[in-house]
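A short worksheet on the structure shown next.
Every read-out reported here was derived from the displayed coordinates using simple, explicitly stated rules and does not represent laboratory data. If you're wondering where the values come from, they're calculated on a predicted model, not measured in any experiment. With ideal geometry, Cβ positions are generated from the backbone for all residues, glycine too; neighbour counts draw on all protein chains shown.
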C-alpha cells in the first residue's frame, strides 16, 4: 500500500468468514518494496474445501500473462481447491520462464492438498517483463502453507501494489430459506480499462452454485460493473476476477434461474461486483473525484456504454473535472469522437442534475452556480441524453490530476 | 500564443509568398485574452485570386461545427476565393445561431469579392458551446478587408489559441520545368487525435492543380501524416486541413499521376503535411519530448497504424517517457490492448535502436545504459516489430507531463 491514501478511500468493511475458505499470507520478497513497506507480505494463499465451484473472467489483452492463459483453461473444469496471488511482479511477457514459475506453484500446492494442478489458481500483479523468481515463490508458498489464518483485510492488503487502501465488499441473500454470504477483495488502481474483465478480484461465497451457472452470472454481472469502469484507458495484461462457491451454506444447488433463490443470489453477486468495481475507481491513481456518467437515449445499451467510456477516458473531460470546471463542450467532443450513432442537434448534457445543454444548444439563461457547487464535491455526476433510442448505461471513472503523472512518471525506478 | 514556449519549438521558417494569395489579420475580440495577449489579432483573412482550386479534409467527430459541415460541402465544388479563420471561439455545438454567424461572414466576404458564398471558407477554433458573436465577426471582417497585407508568421500567430509557438512550413518542387512553391501554416496543441483529418491547417501553392486531383493527393498525404499523430487521444470538433492552389506558377495543369511533375508535387505536398503534423505534436500541451513510434511486421499498414496509436495514446507509456523510464512492459500492454492481431511470443520492442525485448522475452543480458541515455534526449524513438506480416506505419506523439494537467485543469476559467 502506498503512503498517500486516496481522498475517496472508505474504511475496510466488517467482512464475515466464508465456510470452506481459509486465508493465509506470507512474505516471498518478490520486489524491493519501499522502506515503509519492507515488512509487508506479498504472497496470498487461500485454501478452498473440496467441492468448491469456480468461475472467472479475464483480460482480453492479447499480451496476457501465463496466469491468465492457464486460468482461462482451468475455469472450464469448474472446480477449485486453492488460490495463490503474487504481488510485486506480474510475470507478464516472460515467456516459458514465467510459465514454469506458475506451474511450479501449482504443483507445490497440488502436492500439499493432494489435488490436481488444474484446481490451483494463480494470479500475479506488478511490474511486467521480469520472470517470477522460482526460488522466492517456492519459499513463499511453503511459508504460507505453514502460516496462521489471517483476516480479509490482511488479504486485501497483501494483494495490493500501488493501491492506497484495502478494498473489500460483502453481501448476503436468502436462497431457498438459507442465508448465503459473499465476501470479496479486490486490488487495482492504475492500468484500469477492463475489456470484459479487470484487475485482480476474488469473490467467495458459501452458496452452492453449479459452476456453469456461476460463470453465466459472473459474466453477466461483469458487463455492467467491471466492464463499465476506467481509470486511464489502459487495459492490464493480468486482469482477473474469480468467483468461488464452497457450497457450505446448505442451500439446494443453484443451477439455473428457475432454482429457488437464483435471482436473489444473482442480485447479491451483481451488487458486490459493482461495489468492488467502484472501489477500484475510488483508488484510481491520483483520483480526487469519483465520476458517475449516465448515458440514455442511445441506439443500444452497448452503444451507450461505448459513449460513456469515450467520455470517461477523455483526458480533457477528466482534467476539466479535476479543475472543477463545468466544461460541457469537452463532453460534446468526447461524445462525438466515440464512433457511435449520435445527433449533435438532439444531444443534452447535464452535471449534478442541472442541464447545461439541451437538444444541441446551450440552455437559455443557464445558471452555472448549482453546477459549480456540484463540481466542488467529491462525487460528480454527468448525464448525457442522446435522444435517438432507448439504450442506456452507467460508467464510472475518476478525474485526471497531477497525482497520476507523479505516480506514473516514477513507478519502476 | 501562451507565455511558456514548448521546449520542442523551432523558429518560424523563412516562408516565400505565394502568387495569388494575400494575407491580412484583424482584431475581432472574440474572447478576453490573457493580459499579455490583449493586443493580439484573432481574425485572419486570406484572399485568393480567381481560379484557385481547393481541397480539404475534415474531422470525423459527429458533433462537428457548422464550419466543418459547410466546408465539407464547399470543397466538392473545388473553387475558393477567400478563407476566414476565427480564433478564441470554435463556434461548435451552437446550433442554428452558430451557423448564422458563419453564413454572415461568408456573405460579407462574397459581397466584397463579388463571388459566391460557397467560395468563402470559414474556420473557427477555441471554446466549444458559445455562438460566435455576429457583431464582433462583422466588425472584425470589415477591419481585415481594410488592413495592410501581413506576413505568414503574423497569420500563424493569429490562428493560434493554446499554441505556444507559430508553426509554418514551406516546400518547392520542379513541375514541368517550372518551380512551384508551397507555403503552409497550422495551429493545434490539445484535443489532437485526428480521425482522417485534424486541427486547423492551411496549405497554399502557386501550382496549377485540378481540384479533384488536389483532393486525392491531400487525402492520401493525410493518411500517413495528420492521421498518424496524437497528443491526447481527444478528437476535435473543428479539425480542418485545406489546400489552395492558385495556378500562378505557370505549370501545365496537373490532373493525374501521368502529368509531368505530378509525382514531384505529391512528394512536396506529403513532405509539408508531415512537417506540419510534427510541428503540432512538438507544440503538444505540456510536451517535453517528441516521440516517434515505428511499427513493423503487422498484418497491414492500417493495423500497424492502429497499434502505433494505441501505444501513442497510452497514458502509462507517455508518463513513462516523461519520467525517462525505459518501461517497455507498458509498451507490451498498449500493443496488447490495441485490438489488432499480435502474437505475444513474437513481439520485439526497442528504444533508440536498442532492443529491450525480442520475440516475447526480455533480451538476455539487456544493457539499459544506452536506452537510458537515449531517453534523456528530447527525441525518443520506439520500435515495435510484430513479426506476423509486412504492414508498417510510423506515428508521432509527445509525452504526458504535469504541464498537460496544469493547462487543462484551468483552461476555460
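Separation of the range B:309-370 from the range A:214-261 is 32 Å, based on Cα centroids. No solvent, one uniform scatterer per C-alpha: report log10 I(q)/I(0) for the range B:111-167 via the Debye equation at q = 0.14, 0.21, 0.23, 0.29 1/Å, two decimals. Debye intensities relative to I(0), on a log10 scale: -0.54, -1.16, -1.27, -1.27.
In the distance distribution for the protein assembly as shown, Cα-Cα pairs more than 36 Å apart total 49 percent.
Placing one equal scatterer on every Cα of chain B and applying the Debye formula, the log10 ratio I(q)/I(0) at q = 0.14 Å⁻¹ is -1.20.
Given axes a ≥ b ≥ c from the Cα gyration tensor, I'd like to know whether the range A:290-408 is rounded (a/c under 1.5), prolate (a/b larger than b/c) or oblate. It is oblate, given that a/c is not under 1.5 and a/b is not larger than b/c. Counting only alpha carbon atoms, the long axis of helix A:211-224 and the longest principal axis of chain A meet at about 30°. Between residue A:49 and residue A:103, residue separation times 0.36 nm minus the direct Cα-Cα distance comes to 17.3 nm. Estimated from helices alone, the mean residue ellipticity of chain A at 222 nm is -9500 deg cm²/dmol (sum of -39500 (n - 2.57) over DSSP H runs with n ≥ 4, per residue).
Under conditions of 25 °C and 0.890 mPa s, the range B:193-304 yields 161 µm² s⁻¹ as its translational diffusion coefficient, taking Rh as the Kirkwood radius over Cα pairs in the Stokes-Einstein equation.
Between identical copies, the spacing of residue B:135 label points, each set 7 Å from Cα toward the C-beta atom, reads 8.1 nm from nearest to farthest.
Once both labels are positioned 7 Å from their Cα atoms along Cα-to-Cβ, the gap between residue A:148 and residue B:10 label points is 6.8 nm.
Residues A:213, B:204, B:257, ranked from the fewest to the most other C-beta atoms within 10 Å, line up as B:257, A:213, B:204. Shown for residue A:111: label points 7 Å from Cα along the beta-carbon vector, and their distances to the equivalent points in the other copies, 9.3 nm in ascending order. Counted over the protein assembly as shown, the DSSP beta bridges are approximately 70% antiparallel. Principal-axis analysis of the Cα atoms of chain A puts helix A:262-282 at an angle of about 70° to the longest axis.
For peptide B:318-331, how many partner chain Cβ atoms fall within 10 Å of a residue's Cβ, on average? Mean number of neighbouring Cβ atoms from other chains: 6.
Can you figure out the FRET efficiency of residue A:216 with residue A:381, using R₀ = 45 Å and their beta-carbon distance, to the nearest 0.05? Calculated transfer efficiency: 0.90. Label-point spacing at residue A:4 relative to the other copies reads 1.7 nm, in ascending order, each point sitting 7 Å out from Cα along Cα→Cβ. Relative to the longest principal axis of the Cα atoms of chain A, the long axis of helix A:66-77 lies at roughly 80 degrees. If you take the Cα centroid of the range A:1-69 and the Cα centroid of the range A:137-169, the two points sit 6 Å apart.
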